[in-house]
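The values are calculated or read from the model by the stated rules, or taken from the named source; none is laboratory data. Computed from a predicted model, the values in this text were never measured in an experiment. Methodologically, a virtual Cβ is constructed for each residue, glycine included, from the backbone with ideal geometry; neighbour enumeration extends over all protein chains shown. In case anyone asks, the SASA skips ligands and DNA or RNA and just uses the protein heavy atoms, side chains included. Shrake-Rupley method; radii C 1.70, N 1.55, O 1.52, S 1.80 Å.
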Amino acid sequence: MSFGKDDIMIRLRTLTLLLTLALLSGCGMLHSVAQSGKLLAPESFGLIPIAPHLYVEAGTDEATQDRLRADMDRAEAAIRRAYGSVSARPTVHACVTEKCYAAFGGRGSVARVFGQRILLSPRGLNWHFLAHEWSHAEMSTRLTLFAWKRMPSWFDEGLAVTISEAPEHSENHWQFLINTHIPRPTRDELLTYQSLQQWLAGVHRFGDDKNFERVAQGQPTLSPVYAAAGHEVRPWLAQAGSQGLLHLIQRMNEGADFDSAYQPNPKQP
C-alpha cells in the first residue's frame, strides 16, 4: 500500500501527538496511548459501524444511534461555518459505557482526539464535544507539520470551544466563574499556555480535569481554562470570520509566527 503526502503528514502529526502525550504523562498515559491503538480496528474491540466514519458500542439503542448520526451532521455544519469548508473526515467512536471508554484509553476525560480518530465518552455524546474534537482534527489537517507544532494550545482549544458552543465552556460559564469568584487564568497567563504541556498544567492547576469527580459528587462542572480560551477566541472569530481564520492558517503555513498572524481584539474583562 502506498500513501500520499497528505496521508503521511496526518500519520506524522498523530505519532507526534501520541508520543508527546506519553512523554508528558509517564507510564499511565503511555498505557492510555497503547489502548487508543484499538481505534485502528474498532470492530475487533466491540464497536460497530452505523454510518460512514461513525462507530458505536455494540448494544447502543436505536434512539442514541439516530441522535449520533444527526450530531455528526450538526458538528460538520459547525466546522464548515468556521472554516468555510471541511477538510478533515475523522472517524468517530462513541462509547455508551464508561468501561468501553476506558478500554480505548479515554479514562478521566469527556472526549479525545487521536489524529483523525475521535473517541466520545458517555458524557460526551452530543454535537458539542464532537465538533470540539473535529475542530482539532480540522486544524491539524490544514496546517503543515511545522506550523501545527507552533500553533499555541490556547488558540487551538479556544477555537474548538468557540465552534462547539458547549454550555460547559460558554460565555455564560465564564461570567458564572467571575460572579462566583472562582479562580481562573488571567488573559496574560492564558497566553503563556503555548505548548500541550503548558496547557495541561493550566488545566490541572485550575481543576478543569476534576469534573468527573465533581459530577460523581453531585457538584456542577467547572472549566476555568477552557472558558478562558473561549472568552479570548470567541470575539476574535466573530470579527475575523472564516476568511480571517484561513488567512491565519495560510500565514503560519508560510512560516509566519503566530503572534504576527493573530491580531487580537482589545483585552476582555
- prompt: Mind checking which residues of the range 88-98 are in a strand (DSSP E or B) and either among the β-branched types (Val, Ile, Thr) or open to solvent by 10 Å² or more (accessible area, probe 1.4 Å) (or both)?
  reply: 91, 92
- prompt: Counting only residues that are open to solvent by 30 Å² or more (accessible area, probe 1.4 Å) and modelled with pLDDT under 95, how many does the range 123-140 have?
  reply: 1
query: Looking at the range 91-99, is at least one residue of a type in the set (Gly, Ala, Ser), modelled with pLDDT of 95 or more and under 24 Å from residue 61 (Cβ atoms)?
result: yes
- request: Could you pull out every one of the helices (runs of 4 or more DSSP H) wholly within the range 108-225 that has 2 or more residues that are within 27 Å of residue 38 (Cβ to Cβ) and either of a type in the set (Val, Ile, Thr) or touching a strand residue (DSSP E or B) at 6+ places or on another chain (Cβ under 7 Å) (or both)?
  value: 127-142
statement: Filtering the range 42-73 down to residues that are part of a helix (DSSP H, G or I), farther than 18 Å from residue 117 by Cα and either open to solvent by 30 Å² or more (accessible area, probe 1.4 Å) or touching a residue at least 24 places away in the same chain (Cβ under 8 Å) (or both) yields 62, 63, 64, 66, 67, 70
- request: Can you run down the residue pairs with Cβ atoms below 7 Å, 6 or more apart or on separate chains, where the first is in the range 189-214 and exposed (fewer than 15 other Cβ atoms within 10 Å of the Cβ) and the partner is modelled with pLDDT of 90 or more and aliphatic (A, V, I, L, M)?
  value: 214/222
message: Would you confirm, using the coordinates I've provided, whether residue 165 is closer than 21 Å to residue 232 by Cα, touching a helix residue (DSSP H, G or I) at 6+ places or on another chain (Cβ under 7 Å) and open to solvent by 40 Å² or more (accessible area, probe 1.4 Å)?
response: yes
- request: Give the range 99-114 a look and list any residue that's open to solvent by less than 10 Å² (accessible area, probe 1.4 Å) and not hydrophobic (A, V, I, L, M, F, W, C), or say none.
  value: 101, 105, 106
query: Which residue pairs have Cβ atoms under 8 Å apart, sit 6 or more places apart or on different chains, and have a first residue in the range 84-100 that is in the same structural domain as residue 58 (by the TED database) and a second that is of a type in the set (Phe, Trp, Tyr) and part of a loop (DSSP other than H, G, I, E, B)?
result: 93/104; 95/104
